[in-house]
Amino acid sequence: MEENSLNPLDVPWYRTPFFERLILLACPPLGWWLVIRDPTGSRARKVLVTLFALAWLVVYLGLLLGLAVLMRWVDLEFKGGFGPTLVRERTRPNYELVELSRQDQAALPRPTNLTAALPPYWTDFRGPGRAGRYDEQPLLTEWPPAGPPRLWRQPCGGGYASFVVAEGLAFTLEQRWEQEVVAAYELETGREVWTHRYEAQFSEWMGGDGPRATPVYHAGLVFSLGATGELCCLSARTGTLLWRKNVLAETGAQNLRWGLAASPVIMGESLIVVGGEGTQEQMLVAFDQLTGRRLWAALSDKPTYASPLLAELAGRPQLVLVTATRVLGFDPERRLVLWEEAWKVPYDASCALPVLVDTNRLFIGAGYGVGGLMLEIAGPSPQPRVQTLWRNRHLKTKFNPAVYWQDHLYGLDEGVLACVNARTGERVWREGRYGYGQVLLAQGHLIVLGGEGQLAWVEATPAGLREKARVQALHGKTWNLPALAHGRLLLRNATEMTCFDLRPLPTGGSARETSTPSTP
């Protein structure tokens, strides 16, 4: 017998083939370590075991993660980036808590509504002209260390709708249990004034549950579009239902993968809605505002999630639409496509509203590595000319539209705040990771609502990121757009809503008296 050979009886029990295989399956790192440290093992065997351990480790960790999710120790949540994020708990509404909160409010005396007499201002998705810009009155530009005064805070139902404000009320659309709920809240106190409920439930694991589209207000009426196509016209003062249609049933269309998300558009006496897919000449549908009577339908494109923009380009009023294959200008009066430009986003996931830069320029942005382009619409009617001024990946606004200010575009480029020269498309700066939130422009500043509910006040300047204040406004995933009316900033996500007072402090800097908040 050779001198270096070992008697099987002398091999330690933990180096037996059976035990090594067992520990390699049960705990890949430890099993690999035992094989590598074995002085009698061949180099080829160690390489094979290393490759096996690495492959099995991936499967092993996946099984452990699946077990942790199954046991509710952790959860997975899509927050806007590529792939899910591991979280302790997903952002889910607590419907029981919402109902208890509203019952408590009903028992309180009705306060005097101080903003009911003010003229309506923020009555559309992203405010006047859907521009994401606030110009109504001066705001508090220097925030206290603890942030601006908070008027109220309370739980709410699910979904991604924002607010519109009129007649002293803030209107939004929520998911509560198996119903979609159009709700009106008193702006000053957050007290629920009325609700309109109907059976509808859209559920999608990746994008989240609940309605997506923000209601619109016009001439005493509130129009809401739910994720499954329920279109309602309600009295803004009382919540009385005036008429109701289902857009998908009306056109025979199929729902989109992530639900209907485009806010309706008011144009003259018409209410124009982007519907579902799979129809001929019925992607865009117009209804009479007062009766709900169907007026016309047009276009056979596959729709996306971006809301239409009513704008005047090249001296002509038109709807700017982002479909699955193109961006186009549409004349609703003649049901005519005025111009078009090819546009394609992976998964047909165009979500960001087009941004009107001036009388003949438009910025279109998207995520998924697409970026944005600047279009110029010019030339005489009836067939204006469209030209691409620039196109690059410097501003990839996934579902958070950019804002325009003094020749620059500001937006969240895949979650990072960026400034781009609107004339050249050159990136000026990109810094400050806020996540997949939203951006508004107000008084030369950016109101940035981050993807985790942080609220930042940032100077809008090409000189670089100048964040002047930050406060934790909400908790959990926050994709909903802020709304700003009469100096009050309204924020919400799928679990809670709140209101901050951004009006300048009284002379002398003394604190303004605020309402007693309703807390979750």
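The values are calculated or read from the model by the stated rules, or taken from the named source; none is laboratory data. No experiment lies behind these values; they were computed from the predicted model shown. Glycine gets a Cβ as well: all are built from the backbone with ideal geometry, and neighbour counts include every protein chain shown.
Please specify each residue of region 339-349 satisfying the condition of being in a loop (DSSP other than H, G, I, E, B) and under 23 Å from residue 317 (Cα atoms). I'd like the intermediate steps shown before the answer.
Just the residues of region 339-349 that are in a loop (DSSP other than H, G, I, E, B), to begin with: 343-345, 349.
Of everything in region 339-349, just one residue is in a loop (DSSP other than H, G, I, E, B) and under 23 Å from residue 317 (Cα atoms), namely 343.
Where in region 440-493 are there strands (runs of 3 or more DSSP E), lying wholly inside it, with at least 2 residues that are among the basic types (Lys, Arg) and either at pLDDT 95 or above or touching a Gly at 6+ places or on another chain (Cβ under 8 Å) (or both)?
Result: 466-472, 488-492.
Here's a check for you: in region 263-292, which residue that is among the small types (Gly, Ala, Ser) and out of contact with any Gly (no Cβ under 9 Å at 6 or more places or on another chain) is modelled with the lowest pLDDT?
The initial filter retains those residues of region 263-292 that are among the small types (Gly, Ala, Ser), namely 263, 268, 270, 275-276, 278, 286, 292.
Checking the rest, the ones that are also out of contact with any Gly (no Cβ under 9 Å at 6 or more places or on another chain) come to 263, 268, 270, 286, 292.
Working: 263: 98, 268: 93, 270: 97, 286: 98, 292: 97.
Among residues in region 263-292 that are among the small types (Gly, Ala, Ser) and out of contact with any Gly (no Cβ under 9 Å at 6 or more places or on another chain), the one modelled with the lowest pLDDT is 268.
Please work out which residue is nearest to residue 129 (Cα to Cα), limiting yourself to region 423-439 and to residues that are crowded, with 22+ Cβ neighbours inside 10 Å and out of contact with any Lys or Arg (no Cβ under 7 Å at 6 or more places or on another chain).
Looking at residues that are crowded, with 22+ Cβ neighbours inside 10 Å and out of contact with any Lys or Arg (no Cβ under 7 Å at 6 or more places or on another chain), I get 439.
Please enumerate the residues belonging to region 442-459 that are surrounded by fewer than 21 Cβ atoms within 10 Å (Cβ to Cβ), closer than 15 Å to residue 132 by Cβ and touching a Lys or Arg at 6+ places or on another chain (Cβ under 9 Å).
Restricting attention to region 442-459, the residues satisfying the condition of being surrounded by fewer than 21 Cβ atoms within 10 Å (Cβ to Cβ) are 443-444, 452, 454, 458-459.
Imposing the further condition that a residue be closer than 15 Å to residue 132 by Cβ reduces the set to 443-444, 458.
Hit for region 442-459 is 458, nothing else.
Would you call residue 485 surrounded by 20 or more Cβ atoms within 10 Å (Cβ to Cβ) and either among the aliphatic types (A, V, I, L, M) or within 15 Å of the chain's Cα centre (by Cα) (or both)?
Yes; evaluated as a whole, the condition is true for this residue.
Can you tell me how many residues in region 61-102 are on the phi < 0 side of the Ramachandran plot and in a loop (DSSP other than H, G, I, E, B)?
Kept after step one, since they are on the phi < 0 side of the Ramachandran plot, are these residues of region 61-102: 61-71, 73-79, 81-82, 84-102.
Imposing the further condition that a residue be in a loop (DSSP other than H, G, I, E, B) reduces the set to 71, 73-74, 78-79, 81-82, 84, 88-94.
Final tally of qualifying residues: 15.
Kindly list the number of the only condition in (1) of a type outside the set (Val, Ile, Thr); (2) at pLDDT 80 or above; (3) more than 30 Å from residue 310 (Cα to Cα); (4) not in a helix (DSSP H, G or I) that fails for residue 105.
(4) is the only condition that residue 105 fails.
Looking at (1) within 30 Å of residue 443 (Cβ to Cβ); (2) touching an Asp or Glu at 6+ places or on another chain (Cβ under 8 Å); (3) crowded, with 18+ Cβ neighbours inside 10 Å, can you tell me which one residue 124 breaks?
Of (1) within 30 Å of residue 443 (Cβ to Cβ); (2) touching an Asp or Glu at 6+ places or on another chain (Cβ under 8 Å); (3) crowded, with 18+ Cβ neighbours inside 10 Å, only one is false for residue 124: (2).
Among the residues of region 18-28, is there at least one that is part of a loop (DSSP other than H, G, I, E, B) and at pLDDT below 65?
Residues of region 18-28 that are part of a loop (DSSP other than H, G, I, E, B), as a first pass: 27.
Still in the running and at pLDDT below 65: none.
No, because not a single residue in region 18-28 is part of a loop (DSSP other than H, G, I, E, B) and at pLDDT below 65.
What are the residues in region 488-504 that are farther than 27 Å from residue 420 by Cα and either within 22 Å of the chain's Cα centre (by Cα) or without any contact (Cβ under 8 Å) to a residue 12 or more places away in the chain (or both), if any? It would help to see each step written out before you state the result.
In the first step, residues of region 488-504 are kept if they are farther than 27 Å from residue 420 by Cα; the result is 488, 490, 492-504.
Those that are farther than 27 Å from residue 420 by Cα and either within 22 Å of the chain's Cα centre (by Cα) or without any contact (Cβ under 8 Å) to a residue 12 or more places away in the chain (or both): 488, 490, 492, 493, 494, 495, 496, 497, 498, 499, 500.
Can you tell me which residue in region 131-170 is surrounded by the fewest Cβ atoms within 10 Å (Cβ to Cβ), limited to those that are of a type in the set (Asp, Glu) and more than 13 Å from residue 505 (Cβ to Cβ)?
Pass one, region 131-170, residues of a type in the set (Asp, Glu): 135-136, 142, 167.
Filter again for more than 13 Å from residue 505 (Cβ to Cβ), leaving 135-136, 167.
Numbers: 135: 11, 136: 16, 167: 20.
It comes out as 135.
Quickly run through region 381-409 and pick out the residues that are farther than 26 Å from residue 450 by Cβ, in contact (Cβ under 8 Å) with a residue 40 or more places away in the chain and surrounded by fewer than 17 Cβ atoms within 10 Å (Cβ to Cβ).
Listed by number, the residues that qualify are 381, 382, 383, 385, 388.
Within the set of pairs 6+ apart or on separate chains, which have a first residue in region 411-437 that is in contact (Cβ under 8 Å) with a residue 60 or more places away in the chain, a second that is assigned to a loop (DSSP other than H, G, I, E, B) and of a type in the set (A, V, I, L, M), and C-beta atoms under 7 Å apart?
422/357
Are there any pairs, at least 6 apart or on different chains, whose C-beta atoms fall under 6 Å, with the first in region 132-156 and over 18 Å from residue 474 (Cα atoms) and the second aromatic (Phe, Trp, Tyr) and surrounded by fewer than 20 Cβ atoms within 10 Å (Cβ to Cβ), and if so, which?
136/121
For region 171-189, what are the residues that are assigned to a loop (DSSP other than H, G, I, E, B) and surrounded by 19 or more Cβ atoms within 10 Å (Cβ to Cβ)? If you could, list the steps in order and put the result at the bottom.
Within region 171-189, the first condition is being assigned to a loop (DSSP other than H, G, I, E, B), and the residues that meet it are 177-178, 187-189.
Result: 187, 188, 189.
State whether the residues of region 189-197 include one that is over 30 Å from residue 365 (Cβ atoms), touching a Ser or Thr at 6+ places or on another chain (Cβ under 8 Å) and among the β-branched types (Val, Ile, Thr).
Checked against the condition, which is being over 30 Å from residue 365 (Cβ atoms), touching a Ser or Thr at 6+ places or on another chain (Cβ under 8 Å) and among the β-branched types (Val, Ile, Thr), region 189-197 yields at least one hit.
How many residues are surrounded by fewer than 22 Cβ atoms within 10 Å (Cβ to Cβ), touching a Lys or Arg at 6+ places or on another chain (Cβ under 9 Å) and closer than 22 Å to residue 319 by Cα when one looks only at region 247-264?
Kept after step one, since they are surrounded by fewer than 22 Cβ atoms within 10 Å (Cβ to Cβ), are these residues of region 247-264: 248-250, 252-255, 257-258.
Then drop every residue that is not touching a Lys or Arg at 6+ places or on another chain (Cβ under 9 Å), which leaves 250, 258.
Adding the requirement that they be closer than 22 Å to residue 319 by Cα leaves 250.
Matching residues across region 247-264 total 1.
Every residue in region 225-246 that is within 23 Å of the chain's Cα centre (by Cα) and either loosely packed, with under 15 Cβ neighbours inside 10 Å or closer than 30 Å to residue 84 by Cβ (or both), please.
In the first step, residues of region 225-246 are kept if they are within 23 Å of the chain's Cα centre (by Cα); the result is 225-232.
Within region 225-246, 225, 226, 227, 228, 229, 230 meet the criteria.
So for region 364-380 (the condition being modelled with pLDDT of 95 or more, exposed (fewer than 15 other Cβ atoms within 10 Å of the Cβ), in a strand (DSSP E or B) and not hydrophobic (A, V, I, L, M, F, W, C)), does at least one residue qualify?
Scanning region 364-380, I find no residue that is modelled with pLDDT of 95 or more, exposed (fewer than 15 other Cβ atoms within 10 Å of the Cβ), in a strand (DSSP E or B) and not hydrophobic (A, V, I, L, M, F, W, C), so the answer is no.
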